[in-house]
1. Go through region 50-95 and give me each residue that's in contact with an Asp or Glu (Cβ under 6 Å, 6 or more places away or on another chain) and hydrophobic (A, V, I, L, M, F, W, C).
2. Please note which helices (runs of 4 or more DSSP H) are completely contained in region 336-410 and include at least 1 residues that are in contact with a strand residue (DSSP E or B) (Cβ under 9 Å, 6 or more places away or on another chain), hydroxyl-bearing (Ser, Thr, Tyr) and in contact (Cβ under 8 Å) with a residue 60 or more places away in the chain.
3. Just checking, does region 300-323 include any residue being over 25 Å from residue 507 (Cα atoms), assigned to a helix (DSSP H, G or I) and assigned by TED's automatic domain parsing to the domain that holds residue 544?
4. Quick test of your reading of the structure: residue 285 fulfils all but one of (1) at pLDDT below 90; (2) farther than 25 Å from residue 398 by Cα. Name the failing condition by number.
5. Just to check your reading of the model, which residue among 500, 507 is outside any strand (DSSP E or B), of a type in the set (Val, Ile, Thr) and touching a residue at least 60 places away in the same chain (Cβ under 8 Å)?
6. If you check residue 517 against the conditions, is it surrounded by fewer than 17 Cβ atoms within 10 Å (Cβ to Cβ), in a helix (DSSP H, G or I) and within 29 Å of the chain's Cα centre (by Cα)?
7. Could you grab me the full set of residues in region 123-144 that are surrounded by 11 or more Cβ atoms within 10 Å (Cβ to Cβ) and not in a strand (DSSP E or B)?
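The values are calculated or read from the model by the stated rules, or taken from the named source; none is laboratory data. None of these values were measured; they are calculated from a predicted model. Virtual Cβ from ideal backbone geometry, glycine too; neighbours counted across all protein chains shown.
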Amino acid sequence: MNIKTIATIAAIALPIAGFAQTPPVPPPPPGPHGPPGVPGRHQKSPKVPMTFLGVETSHVPDVVSEQLGLAKGLGLVVEYVVPNSPAASAGIQQNDILKTLNDQILIEPSQLRKLLQTFSEGTEVTLTILRKGQEQKITVKLAKKEMPQRHSLMPGGNHDLHWDFDETGDLGEQMQELKEQLKEQLGDAQRGIIRGAVMKAHDAAKRARDDARRAAREIRILSNDNGALKGTKIDLGKAQIVFCDGKGEMKLENVNGKKMLTAKDAQGKTTNAILIMHGTTGSGAQFIRPEFAGELFGSGQPLDATKFFIVLPDGIGHGQSSKPSDGLHAKFPRYNYGDMIEAQYRLLTDGLGVNHARLVMGTSMGGMHTWLWGEMHPDFMDALMPLASLPRQVSGRNRAWRRLVADAIRNDPAWDGGDYKTQPPSLRTAAEMLWFMSSNPVLRQKEATTLAKTDEALDKFVADYLKTSDGNDVLYAIEASRDYDPGPSLEKIQAPLLAINSADDLINPPELGILERETKRIPHGRALVVPLSDKTRGHGSHTIAALWKDELAKLLRESEY
């Protein structure tokens with residue numbers, strides 16, 4: 001039987017600048033007229049034929065990505081279309097968003113330029129674009145255009161010149177020509193003057209162009225949807241991207257039918273993968289909401305999605321992964337937490353090509369998984385952060401509520417051994433128990449101040465829960481914790497670990513002292529209990545990132561290598 005595990009890829013980031021440096025290769029000695037390949041005095045840079053599309057692009061603004069459901073960092077906005085160019089002839093328009101060139105996802109203007117140079121004149125390529133929210137494909141026949149050859153002048157001293165203008169539009173070519181004219185008139189002795197004059201002119205033109213771009217973007221942006229983030233599904237089977245240099249590599253590709261993704265440093269270790277695991281009966285999608293993603297995934301936030309590759313898997317039996325309700329019902333194999341972690345490990349290593357995690361974290365059941373991850377794969381991660389969990393066998397109140405739910409379902413005649421045609425009434429009991437255990441008494445009293453209001457709040461929660469839940473799925477998820485017990489092997493955990501619970505958690509009551517006592521056994525372990533406040537939500541505090549995101553940032557700083 002094939003078990004599938006689905007992951008939501010929240011972001012694909014390319015922190016190439018953060019990769020470990022490789023030893024630089026000494027440059028060859030300069031020739032009599034300057035460095036090899038660089039024109040000598042009074043000699044113009046030769047123009048070389050380059051494959052030409054005819055667009056000038058920039059990154060998609062984050063708010064536009066959110067509105068269109070694009071993963072942050074993916075796609076390029078067309079800022080300018082060169083008249084009479086291949087792009088213009090094919091119908092590419094200003095403000096179009098370029099998603100892919102053939103099967104290559106587009107993320108950087110420089111990447112697009114480099115990709116174009118892999119094609120010859122007359123090649124027809126397919127651009128997938130978004131225009132006014134609608135996706136369409138446009139075929140473009142590429143052409144050749146004579147452009148000044150890029151080069152660097154490094155004659156020594158403090159007058160090093162490095163020209164790196166955008167050659168896709170008129171501005172870059174004009175600046176190259178201006179540079180050649182100044183060189184012709186002033187000679188090598190005035191390199192500093194040349195650099196200053198050209199760069200001032202270039203910067204002034206660029207500022208004017210950027211002002212126009214910002215104005216255009218402001219017109220396009222209507223709202224930010226209250227800061228809410230949206231999940232984006234990426235079909236890896238139809239897309240490829242490879243970006244690499246001497247400092248590292250980022251690769252997303254389909255190899256022999258397997259979807260592979262790697263972001264590695266110069267030593268080959270994945271540097272930016274974040275694994276976040278959900279709770280019982282939840283899914284990875286639960287994290288894509290303002291109180292979690294809105295506090296963690298934004299620019300400059302602890303898990304900045306422009307820097308980290310964030311994986312939010314649906315565990316076996318949950319979300320869009322394989323589960324009893326897919327058709328096998330009670331004949332579905334009984335899984336446990338070890339099976340779920342093994343599937344997650346294979347998803348990362350075999351499915352996504354991730355050989356190391358910057359951080360492994362999870363909430364509730366995902367927190368329990370985090371302890372086990374540290375024991376089962378102690379060298380796989382730089383840091384661990386379990387939330388709303390305890391590192392010991394399920395017992396006491398935690399065991400009791402699970403047993404009540406499981407007994408209610410199994411002893412329900414309507415369950416019919418798992419072969420029911422309509423959801424058994426006992427599923428309502430499971431929902432009521434989840435409502436009871438998931439928050440704290442103060443909040444429940446505020447929302448349910450009378451008998452009638454209590455019934456109203458409970459009935460609404462149950463009605464919403466029954467719309468998407470299944471009796472067998474809930475039963476299997478609850479019983480998957482039957483052999484959970486990280487206690488005997490806590491000393492195996494080597495990565496820095498920060499365990500966070502809240503003082504108002506009914507499932508993991510802090511007065512037992514278990515969290516603090518057991519965490520001390522971990523070489524680099526630390527425990528934190530968030531005090532009760534008007535911001536805590538009982539067991540559900542694990543998803544209110546504002547309560548603990550500063551501690552997460554501290555853990556990431558302390559675990560840097």
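1. Hit for region 50-95 is 78, nothing else.
2. Fully inside region 336-410 and qualifying: 365-376.
3. No, region 300-323 contains no residue that is over 25 Å from residue 507 (Cα atoms), assigned to a helix (DSSP H, G or I) and assigned by TED's automatic domain parsing to the domain that holds residue 544.
4. Exception for residue 285: condition (2).
5. Working: 500 fails: outside any strand (DSSP E or B).
Testing whether each residue is outside any strand (DSSP E or B), of a type in the set (Val, Ile, Thr) and touching a residue at least 60 places away in the same chain (Cβ under 8 Å) leaves just 507.
6. No: the conditions fail for residue 517.
7. Of everything in region 123-144, those that are surrounded by 11 or more Cβ atoms within 10 Å (Cβ to Cβ) and not in a strand (DSSP E or B) turn out to be 123, 142.
Matching residues to (1) surrounded by 21 or more Cβ atoms within 10 Å (Cβ to Cβ); (2) modelled with pLDDT of 95 or more:
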{"residue": "355", "(1), (2)": "no, no"}
{"residue": "367", "(1), (2)": "yes, yes"}
{"residue": "373", "(1), (2)": "yes, yes"}
{"residue": "384", "(1), (2)": "yes, yes"}
{"residue": "391", "(1), (2)": "yes, yes"}
{"residue": "399", "(1), (2)": "no, no"}
{"residue": "412", "(1), (2)": "no, yes"}
{"residue": "430", "(1), (2)": "yes, no"}
